[in-house]
Amino acid sequence: MAANGVVESSSSLIVSFGEMLIDFVPTVSGVSLAEAPGFLKAPGGAPANVAIAVSRIGGRAAFVGKLGDDEFGHMLAGIVKENGVNGDGIVFDKGARTALAFVTLRADGEREFMFYRNPSADMLLQPEELNLELIRSAKVFHYGSISLIVEPCRSAHLRAMEVAKEAGALLSYDPNLRLPLWPSPEEAREQILSIWEKAEVIKVSDVELEFLTGSDKIDDADALSLWHPNLKLLLVTLGEKGCRYYTKNFHGSVGAFHVQTVDTTGAGDSFVGALLCKIVDDHSILEDEARLREALTFANACGAITTTKKGAIPALPTKADALKLIKDPNVMMQ
């Protein structure tokens, strides 16, 4: 590692780009925000969750994004570093606050969001603030779509993708649809799809698949309508039903692990982080169905474990946790 903390070798490094924020989760499930007696403060933001998920299971990760120069922002930067993630891509904005999200947990563990971003610091990341050396050292570059909503962050996002791709990184995309943040559903769909054909690995949820295709059903034809020539792997996560996978040469599904779900926040990010850890050193796994299924089983286990606690980052599992669940699928039901 260089003196400035940037990893000298690109081997194994997963760089995650985008937002990090504070999630406030009700202490009681199944109530509205107004009815909640209190909230649990939890660090979150999908790209940051992915980076910490990678580190938690033993991978090497870095996070690139902008936080407010406030107590929450410095707390989040500290959490990134405490979790073994390279934070050299984090910058601070003195004029804008760190983003907040209030997340209601319905009785079934699913979520509804209310965001405080007007604008938040993550929206103000500028292309010239990017740590290009860090981005060029990525073996995998992962991102979402929230950073596409407004300038200047959109331009920073596009620049970071371009630099990572030029340096040979595998591009990984999880749209992570949050409709309340977009001006309209039409704008969300257009912008999410505007960078679609750049990514080589794409993960969408069943709800996102329905939104992007305009279909009210989930089948192979709908999923494959999102295929593009640069894509190596398309994943559709199905919650308690596991996931489906699509490559140029084969497709199939991998079943879920059934656990006592408390909060689904971060489950998809945990899934993505686990998969990226498995493929970062060997992209040929994407062309070997048996090995890909094994990687997705591990990813499903990580996602399932993450639903058993409130909040995203506090619930992210270790490699040992996931292997224990794979060995004994009933262990989390006790």
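The values are calculated or read from the model by the stated rules, or taken from the named source; none is laboratory data. Please read all numbers here as calculations on a predicted model, not as lab measurements. Glycine also receives a Cβ, built like all others from the backbone with ideal geometry; neighbour counts cover every protein chain displayed. Side chains are part of the model used for accessible areas, which takes the heavy atoms of the whole protein and leaves out ligands, DNA and RNA. Shrake-Rupley method; radii C 1.70, N 1.55, O 1.52, S 1.80 Å.
Rank these residues by their accessible area, most exposed first, probe 1.4 Å: Glu82, Glu133, Glu110. Intermediate results must be reported in sequence, preceding the final value.
Numbers: Glu82 145, Glu133 100, Glu110 80 Å².
Largest accessible area first, the residues go Glu82, Glu133, Glu110.
Considering the Cα trace of region 255-307, what is its radius of gyration and what is Dmax, both in angstroms?
Expressed in Å, the Cα Rg and Dmax of region 255-307 come to 11.6, 36.
Where does each of Phe92, Phe250 land when they are ordered by accessible area, with a 1.4 Å probe and the largest first?
On the way: Phe92 75, Phe250 30 Å².
Largest to smallest exposure gives the sequence Phe92, Phe250.
Just to check, using Stokes-Einstein with a Kirkwood Rh over alpha carbon pairs, what's the diffusion coefficient of the chain at 25 °C and 0.890 mPa s in µm²/s?
On the way: Rh = 19.7 Å.
Answer, rounded: 125 µm²/s.
Could you tell me which residue out of Ile285, Asn300, Leu275 lies farthest along the dipole of region 272-312 toward its positive end? Charges go on the beta carbon: Lys and Arg +1, Asp and Glu -1, centred on the Cα centre.
Of the options given, the answer is Asn300.
Run the 1.4 Å probe and let me know the accessible area of Arg111, rounded to the nearest 10 Å².
60
If the viscosity is 0.890 mPa s and the temperature 25 °C, what translational diffusion coefficient in µm²/s does Stokes-Einstein give for region 26-184 when Rh comes from Kirkwood over Cα pairs?
On the way: Rh = 16.6 Å.
D, rounded to a whole number, is 148 µm²/s.
Just need the relative contact order of the chain here, percent rounded to a whole number, with Cα pairs under 8 Å and 6+ apart.
Averaging sequence separation for qualifying contacts and normalising by length gives 17 percent for the chain.
Bin all alpha-carbon pair distances of region 141-201 at 5 Å intervals from 0 and give each bin's fraction as a whole percent.
Per 5 Å bin, starting at zero, the Cα-Cα P(r) for region 141-201 comes out as 4, 19, 31, 25, 14, 5, 2 percent.
Work out how far the C-alpha atoms of region 216-334 reach from end to end along every principal axis, then list the three figures in whole Å, largest first.
Computed over region 216-334, the largest-to-smallest principal extents equal 43, 36, 23 Å.
Quick one: order Glu187, Glu240 from most to least accessible surface, probe 1.4 Å.
Details: Glu187 60, Glu240 140 Å².
Heavy-atom accessible area, descending, gives Glu240, Glu187.
With every protein chain present, what accessible area does Ser29 have (1.4 Å probe, heavy atoms only), rounded to the nearest 10 Å²?
We get 50 Å² for Ser29.
If ligands, DNA and RNA are left out, what is the accessible area of Ile52 with a 1.4 Å probe, given in Å² to the nearest 10?
The accessible area comes out at roughly 0 Å².
Let me spell out the model: positive unit charges on the Cβ of Lys and Arg, negative unit charges on the Cβ of Asp and Glu, origin at the Cα centre of region 242-316. What dipole size does that give, in debye rounded to 20?
260
Taking only protein heavy atoms into account and a 1.4 Å probe, give the accessible area per residue of region 24-162 in Å². Working shown, then result.
On the way: 5520 Å² over 139 residues.
Using a 1.4 Å probe on heavy atoms only, each residue of region 24-162 averages 40 Å².
For Ala53, what is the net charge nearby, where nearby means another residue's Cβ is under 14 Å from its Cβ and Lys, Arg count +1, Asp, Glu -1? Mind dumping the intermediate values first?
Working: positive: Arg56, Arg60, Lys203, Lys278, Lys309, Lys319; negative: Asp174, Asp269, Asp321.
Net charge around Ala53: +3.
Hey, what D do you get for region 284-327 in µm²/s if you plug the Kirkwood alpha-carbon radius into Stokes-Einstein at 20 °C and 1.002 mPa s? Each step should come with its number before you reach the end.
Details: Rh = 11.1 Å.
Using the Kirkwood radius from Cα pairs, D works out to 193 µm²/s.
What's the local net charge at Val91, with K and R +1, D and E -1, over the other residues with C-beta under 11 Å away?
Working: positive: Lys66, Lys94; negative: Asp69, Asp88, Asp93, Asp122, Glu128, Glu129.
Result for the local shell: -4.
Taking Lys319 as the anchor, which aspartates and glutamates have their alpha carbon closer than 16 Å to its alpha carbon, excluding any fewer than eight residues away along the same chain?
Asp269, Glu294, Asp328
Span-like helices, the chain: DSSP H, alpha-carbon axial extent 24 Å or more, mean Kyte-Doolittle 0.0 or greater, which ones? All intermediate terms of the calculation are to be shown ahead of the outcome.
Working: long enough: 289-306 (25 Å, 0.28).
Span-like helices here: 289-306.
In angstroms, what radius of gyration and Dmax does region 95-245 have, counting Cα atoms only?
16.2, 47
How big is region 177-259 in terms of Cα radius of gyration and Dmax, in angstroms?
Considering region 177-259 through its Cα atoms, Rg and Dmax are 13.1, 38 Å.
Assuming R0 = 22 Å, can you tell me the calculated FRET efficiency for the pair Glu133 and Glu162, based on Cβ-Cβ distance, to the nearest 0.05?
0.90
Report the paramagnetic label zone for Asp216: residues of region 110-127 whose backbone N is under 19 Å from a point 7 Å from Cα along the Cα-to-Cβ axis.
Inside the label zone: nothing.
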